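J.: The structure follows.
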Amino acid sequence: VVPFSENERMPISLPFTSQRTDSSFTHVPVALGPRSYDIHIGAGVAIHAMESLTALGQGLRVAVITDTHVAPFYAESVVQALKGAGFVVSLIVVEAGEISKDWATLAKICDEILSAKIERGDLLLALGGGVIGDLVGFAASIVRRGVRFVQMPTTLLAQVDSSVGGKTGINSSHGKNLIGSFYQPSLVLVDTTFLNTLPEREFKAGYAEVIKYGLINNIDFFDWCETHWREIFSGEGGAREHAIATSCRAKAAVVAKDEHEKGDRALLNLGHTFGHALERMTGYDAARLVHGEGVSIGMAMAFRFSAERELCVWDDAIRVSDHLCQVGLPTTLQDIPGEHCSVDALLDAMLQDKKVVRGELTFILANGIGQSFIAKDIPISDVRAFLEEELQRG
Ligand SMILES: NC(=O)c1ccc[n+]([C@@H]2O[C@H](COP(=O)([O-])OP(=O)(O)OC[C@H]3O[C@@H](n4cnc5c(N)ncnc54)[C@H](O)[C@@H]3O)[C@@H](O)[C@H]2O)c1
Ligand SMILES: [Zn+2]
């Protein structure tokens with residue numbers, strides 16, 4: 001039986017971390033004191049890790065939770081690897097899509113976890129994109145007041161962003177991610193082979209979050225992405241692993257400094273104040289806009305807004321949107337298919353975002369590429385004028 005105490009998340013150390021034979025995997029630690037854990041990145045790391053968990057496995061229960069798109073590709077191999085390592089495994093499959101980040105699905109998952117007799121020392125395994133990761137993380141934090149969970153992200157977005165850092169939750173009719181908790185995983189396994197089945201549009205959307213790390217504080221990484229994005233997309237050579245590892249290191253560093261978003265963690269919201277408003281405006285309709293696409297438009301807008309306010313030069317704003325455009329990501333409101341929104345509706349959607357404090361808007365703006373900062377108290381009249389211009393763009 002694995003010892004488990006109430007206040008510790010019990011990191012799971014993999015036996016192969018220091019072995020030469022597995023040096024093809026990249027290891028990124030997330031330093032959070034008693035809640036520290038490891039991210040392992042590489043092609044084939046998921047099954048390899050499951051098989052190496054034999055020491056942990058004998059008799060321990062695992063509930064693998066995934067969605068209807070991911071299950072046909074990967075559920076069987078993950079379940080078999082876990083069984084092979086001595087775990088007692090159950091599989092829970094929920095409907096794919098943002099729609100599942102709701103109370104009903106959370107209740108169903110919690111119920112099935114309890115039916116599977118998962119105890120506090122057992123494990124939940126989130127096999128899927130950000131939706132599954134957020135849902136399972138939240139379930140892990142409330143079932144029996146906290147059970148351990150492993151993130152096995154299968155989208156690029158989840159591999160570089162949502163699986164790391166411990167933000168979990170579901171959506172409310174009042175907005176996205178408004179119900180949730182901070183709850184860190186015990187292990188994150190980023191297997192890049194999962195990306196081979198990811199639809200191209202989802203890959204691009206995840207790439208927007210990769211670029212975000214360059215724009216926040218790492219111009220060298222942005223430069224590198226401009227040169228190597230084709231290899232990242234094709235998966236040739238080691239570019240994809242490098243991009244993911246650099247992103248995970250960046251996220252881990254921010255989270256280690258500010259786990260509960262009291263300060264600098266907000267930098268990770270670059271492009272998200274605009275982006276979330278756009279998602280809301282389009283009714284979270286994936287046919288029109290997925291999260292990463294909203295973030296792409298949002299980042300391009302944040303740089304144009306910064307240039308407008310003479311915080312950065314226009315050349316930087318143009319360079320950012322040129323690169324996003326080049327990979328096929330949207331950068332303007334006009335790029336969203338369907339009916340255009342009004343300034344009032346957009347502003348209203350922004351004011352309902354949870355990052356609004358007493359009616360004033362907090363933005364992440366930039367003095368240049370790699371020089372983002374938190375700008376508080378931006379007058380709403382300035383935002384309105386900027387949105388009017390954005391809607392005029394042809
Ligand atoms: N917790 C955080 O810090 C954080 C950060 C960013 C985003 N998020 C959340 O993440 C969610 C978005 O995540 P996402 O973009 O991964 O969406 P998602 O989980 O809905 O996945 C996108 C689509 O790809 C499918 N899919 C996933 N992996 C696949 C694979 N390997 N092959 C084929 N299809 C696959 C899914 O079934 C889904 O249809 C949002 O709810 C957002 O709020 C959370
Ligand atoms: Zn995001």
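The values are calculated or read from the model by the stated rules, or taken from the named source; none is laboratory data. Just so it is clear, the structure is predicted and the values come from calculations on it, not from any experiment. FYI the Cβ positions are ideal-geometry reconstructions off the backbone, even for glycines, and counts take in every protein chain you see.
J.: Determine the pairs where a residue that is touching a residue at least 24 places away in the same chain (Cβ under 8 Å), located within the range 63-75, has a partner that is in a loop (DSSP other than H, G, I, E, B) with Cβ atoms under 6 Å apart, the partner being 6 or more residues away or on another chain.
T.: Close Cβ pairs satisfying both conditions: 63/116; 63/118; 67/96; 68/95; 68/96; 69/96; 70/154.
J.: Oh, and also: So which of 199, 185 is surrounded by fewer than 19 Cβ atoms within 10 Å (Cβ to Cβ), within 16 Å of ligand 1 (Cβ to nearest atom) and of a type outside the set (Asp, Glu)?
T.: The match here is 199.
J.: What single numbered condition from (1) at pLDDT 95 or above; (2) out of contact with any helix residue (DSSP H, G or I) (no Cβ under 6 Å at 6 or more places or on another chain); (3) assigned to a helix (DSSP H, G or I) fails to hold for residue 310?
T.: Going through the list (1) at pLDDT 95 or above; (2) out of contact with any helix residue (DSSP H, G or I) (no Cβ under 6 Å at 6 or more places or on another chain); (3) assigned to a helix (DSSP H, G or I), residue 310 breaks only (3).
J.: Can you tell me how many residues within the range 322-338 are in a helix (DSSP H, G or I) and closer than 17 Å to residue 304 by Cα?
T.: Residues meeting the conditions: 7.
J.: Which of the residues belonging to the range 316-351 are of a type in the set (D, E, K, R) and buried (at least 17 other Cβ atoms within 10 Å of the Cβ)?
T.: 316
J.: Residues in the range 196-215 that are of a type in the set (Lys, Arg) and over 14 Å from the mean Cα position of the chain (by Cα): how many?
T.: 1
J.: Condition test on residue 212, is it within 11 Å of ligand 1 (Cβ to nearest atom), modelled with pLDDT under 95 and not aromatic (Phe, Trp, Tyr)?
T.: no
J.: Which residues, counting only those in the range 282-292, are more than 10 Å from ligand 1 (Cβ to nearest atom), at pLDDT 90 or above and out of contact with any Lys or Arg (no Cβ under 7 Å at 6 or more places or on another chain)?
T.: Of everything in the range 282-292, those that are more than 10 Å from ligand 1 (Cβ to nearest atom), at pLDDT 90 or above and out of contact with any Lys or Arg (no Cβ under 7 Å at 6 or more places or on another chain) turn out to be 287, 288, 289.
J.: Further question: Residue 168 passes all but one of (1) away from ligand 2 (no atom under 16 Å from the Cβ); (2) within 16 Å of the chain's Cα centre (by Cα); (3) among the hydroxyl-bearing types (Ser, Thr, Tyr); which number fails?
T.: Just one mismatch for residue 168, condition (1).
J.: Right, something else. Can you list residue pairs whose Cβ atoms sit under 7 Å apart, with the first residue in the range 148-175 being under 23 Å from residue 214 (Cβ atoms) and the second being within 13 Å of ligand 2 (Cβ to nearest atom) and hydrophobic (A, V, I, L, M, F, W, C)? Count only pairs 6 or more apart in sequence or on different chains.
T.: Listed pairs, sorted by first residue: 157/205; 160/210.
J.: Return the only residue of 241, 236 being touching a residue at least 12 places away in the same chain (Cβ under 8 Å) and either outside any loop (DSSP other than H, G, I, E, B) or away from ligand 1 (no atom under 13 Å from the Cβ) (or both).
T.: Of the residues listed, the single one that is touching a residue at least 12 places away in the same chain (Cβ under 8 Å) and either outside any loop (DSSP other than H, G, I, E, B) or away from ligand 1 (no atom under 13 Å from the Cβ) (or both) is 241.
J.: Next up: Which residues, counting only those in the range 80-107, are within 16 Å of ligand 1 (Cβ to nearest atom) and within 22 Å of residue 120 (Cβ to Cβ)?
T.: If the condition is that a residue be within 16 Å of ligand 1 (Cβ to nearest atom) and within 22 Å of residue 120 (Cβ to Cβ), then 91, 92, 106 are the ones that fit.
J.: How many residues are part of a loop (DSSP other than H, G, I, E, B) and either within 9 Å of ligand 1 (Cβ to nearest atom) or farther than 25 Å from residue 346 by Cβ (or both) when one looks only at the range 154-181?
T.: The total comes to 6.
J.: Can you find even one residue in the range 138-145 that is of a type in the set (D, E, K, R), more than 16 Å from ligand 2 (Cβ to nearest atom) and under 30 Å from residue 121 (Cα atoms)?
T.: Our first condition is that a residue be of a type in the set (D, E, K, R); within the range 138-145, this holds for 144-145.
Cutting the leftovers down to more than 16 Å from ligand 2 (Cβ to nearest atom) gives us 144-145.
Imposing the further condition that a residue be under 30 Å from residue 121 (Cα atoms) reduces the set to 144-145.
Taking every residue of the range 138-145 in turn, at least one turns out to be of a type in the set (D, E, K, R), more than 16 Å from ligand 2 (Cβ to nearest atom) and under 30 Å from residue 121 (Cα atoms).
J.: In addition: Are any residues in the range 329-346 touching a residue at least 60 places away in the same chain (Cβ under 8 Å) and farther than 13 Å from residue 211 by Cα, and if so, which ones?
T.: 332, 333, 334, 341, 345, 346, listed by residue number.
J.: Consider the range 265-301. How many of its residues are assigned to a loop (DSSP other than H, G, I, E, B) and either hydrophobic (A, V, I, L, M, F, W, C) or within 12 Å of ligand 2 (Cβ to nearest atom) (or both)?
T.: 6
J.: Also, I was wondering about something else. Consider residue 89 against the criteria (1) crowded, with 16+ Cβ neighbours inside 10 Å; (2) touching a residue at least 40 places away in the same chain (Cβ under 8 Å): it satisfies all of them except one. Which criterion is unmet?
T.: Among (1) crowded, with 16+ Cβ neighbours inside 10 Å; (2) touching a residue at least 40 places away in the same chain (Cβ under 8 Å), residue 89 violates only (2).
J.: Continuing with the same structure: Taking into account only those residues within the range 129-176 that are of a type in the set (A, V, I, L, M, F, W, C) and closer than 23 Å to residue 26 by Cα, which is surrounded by the most Cβ atoms within 10 Å (Cβ to Cβ)?
T.: Here the answer is 152.
J.: Hey, among 207, 213, which residue is within 16 Å of ligand 2 (Cβ to nearest atom), free of Cβ contacts under 8 Å to residues at least 60 places away in the same chain, at negative phi and buried (at least 20 other Cβ atoms within 10 Å of the Cβ)?
T.: 213
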